1. Out of the residues in segment 207-220 that are buried (at least 24 other Cβ atoms within 10 Å of the Cβ) and among the small types (Gly, Ala, Ser), which is farthest from the ligand (Cβ to nearest atom)?
2. Of the residues Phe240, Phe301, Phe294, which single one is buried (at least 24 other Cβ atoms within 10 Å of the Cβ) and within 25 Å of Gln119 (Cβ to Cβ)?
3. Is there a residue in segment 11-25 that is touching a residue at least 40 places away in the same chain (Cβ under 8 Å) and surrounded by fewer than 19 Cβ atoms within 10 Å (Cβ to Cβ)?
4. Of all the helices (runs of 4 or more DSSP H) wholly in segment 256-362, which have at least 3 residues that are of a type in the set (Val, Ile, Thr)?
5. Scan segment 151-159 and give yes if some residue there is in contact with a helix residue (DSSP H, G or I) (Cβ under 8 Å, 6 or more places away or on another chain), β-branched (Val, Ile, Thr) and either part of a helix (DSSP H, G or I) or within 16 Å of the ligand (Cβ to nearest atom) (or both), otherwise no.
6. Using beta carbons and a limit of 9 Å, which pairs, at least six apart or on different chains, have the first residue in segment 112-126 and within 13 Å of Glu296 (Cα to Cα) and among the small types (Gly, Ala, Ser) and the second one part of a helix (DSSP H, G or I) and away from the ligand (no atom under 16 Å from the Cβ)?
7. Is it the case that Ala310 is more than 16 Å from the ligand (Cβ to nearest atom), modelled with pLDDT of 95 or more and crowded, with 23+ Cβ neighbours inside 10 Å?
8. Among the residues of segment 164-178, is any assigned to a loop (DSSP other than H, G, I, E, B), more than 14 Å from the ligand (Cβ to nearest atom) and within 25 Å of Asn52 (Cβ to Cβ)?
Amino acid sequence: MSSAQAPDLIARRRRVLAPGYSLFYEQPLHAVRGAGVWLYDESGRAYLDAYNNVAHVGHCHPRVVEAISRQAATLNTNTRYLHELILRCAERISAHLPPGLDVCTFVCTGSEANDLAFQMARSFRGHSGALVSDYSYHGNTSLVSRLSTADYPVRGGTDFVRDVPAPDAYRGWLRGLDAASTRARVAARVDEVIVSLADEGHRPAALLLDSMFVSEGIFTAVPAYLNTLCERVRAAGGLFIADEVQGGFGRSGEHFWSFAWGDVVPDIVTLGKPMGNGHPVALVATTREIAGRFAEGPGYFNTFGGNPVACAAALAVLDVIEEEELQQRARDVGRYLRRGLDELATRHACIGDIRGAGMCIGVEIVADGKSPGPAMAQAQRIKNRMRLLGVLIGTTSRHDNVLKIRPPMVFNRANVDQLLETLDETLLGTGSRKKKAAR
Ligand SMILES: Cc1ncc(COP(=O)(O)O)c(C=O)c1O
């Protein structure tokens, strides 16, 4: 079951890689090849990948591989030379965004994109504060790790950042509330937070949100929540930065961008992970006014950001999303998956809640159905057992008890069936069968 080479690879990692690196699964996977929704280990065994969102259009999609190879064999320079592909890429991304968000800056990672976006917001407003969600993750630069409350207390909170809870209607603060009460509660909380920032001498420069809340436990933002947050922050002089590193490029199935769960057009949008299907390319899109103000400073250059190979990858990803209608597919397959999970929940008491949309679904594992305490150890057992059975998922949330199902967008109904059968078998093995089939 476990890879013959794994012990040696693990020992060598310990010798030559920084200790901060971690590995997925108790028995780490030695993947040597990928194709579509499949990863293969050194023995040729196939694993159904229900985790990796970076391989957005499928591992090693031939269109993307061909585009990268062709461009790498032709020219790879930087943005200080004229090149057709960066322009085409910016035009295509802008065409997917609301009008006005048509000025692009290319970077390499989501962290860089959020770092730059927040710098832009600060320079535009002349304010210094930030609002983020509780247990957010936005990246790892020294600035952005301060906006990543999931990293606290290790990386340390700070006086210029305040958080508001994610839109948790299962065990959280929005449970049982209708739209009007949600608006009132969110408004009161944001106002409180803005006062507390003011006490430290900060006015909000921006609200930064991943509207799929993947780190927080996967919640789709309800309009009353998202709209109210944005309205209050804007009234206090801050911008709305939509972090689409997780939720972008059609992943939710319902929308191309996850900020569209609400009715507010962001001031800045950041993109990353899926944009190059694994090739490092990320982007900040904003208005001419905001980008113009930032350009009055020292300017911005990123050696690798937006190079021709990166742009070729991003263009091929957009082509495949459109031609293979992957957003629509994510919506349909995602609904099929949710129906299957709902059925499993009638038989397994440990499934407390099912959330998310499209190809981004969270399954909250709880101790028992009546008093749903988060069951972290059980969620880890499920994840590890499924890996042994050949299906890869992850876990997320503060308690790490939410199964994270976030596959490449080419996942199909047969893949869903395999995932559900394996989850069912795993849950039976962990003794979670309900006494009565009622929920
Ligand atoms: C919502 C969100 N934003 C930003 C990032 C950072 O992206 P990167 O790892 O490419 O720097 C991540 C990474 O997981 C993320 O989930």
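The values are calculated or read from the model by the stated rules, or taken from the named source; none is laboratory data. Please read all numbers here as calculations on a predicted model, not as lab measurements. So basically every Cβ, Gly included, is an ideal-geometry build from the backbone, and we count neighbours across all protein chains shown.
1. Gly217
2. Within the list Phe240, Phe301, Phe294, the selection yields Phe240.
3. Yes - at least one qualifying residue is present in segment 11-25.
4. Fully inside segment 256-362 and qualifying: 308-323.
5. Scanning segment 151-159, I find no residue that is in contact with a helix residue (DSSP H, G or I) (Cβ under 8 Å, 6 or more places away or on another chain), β-branched (Val, Ile, Thr) and either part of a helix (DSSP H, G or I) or within 16 Å of the ligand (Cβ to nearest atom) (or both), so the answer is no.
6. Qualifying pairs under 9 Å: Ser123/Ile290; Ser123/Arg293; Ser123/Phe294.
7. Spelling it out, it is not the case that Ala310 is more than 16 Å from the ligand (Cβ to nearest atom), modelled with pLDDT of 95 or more and crowded, with 23+ Cβ neighbours inside 10 Å.
8. no
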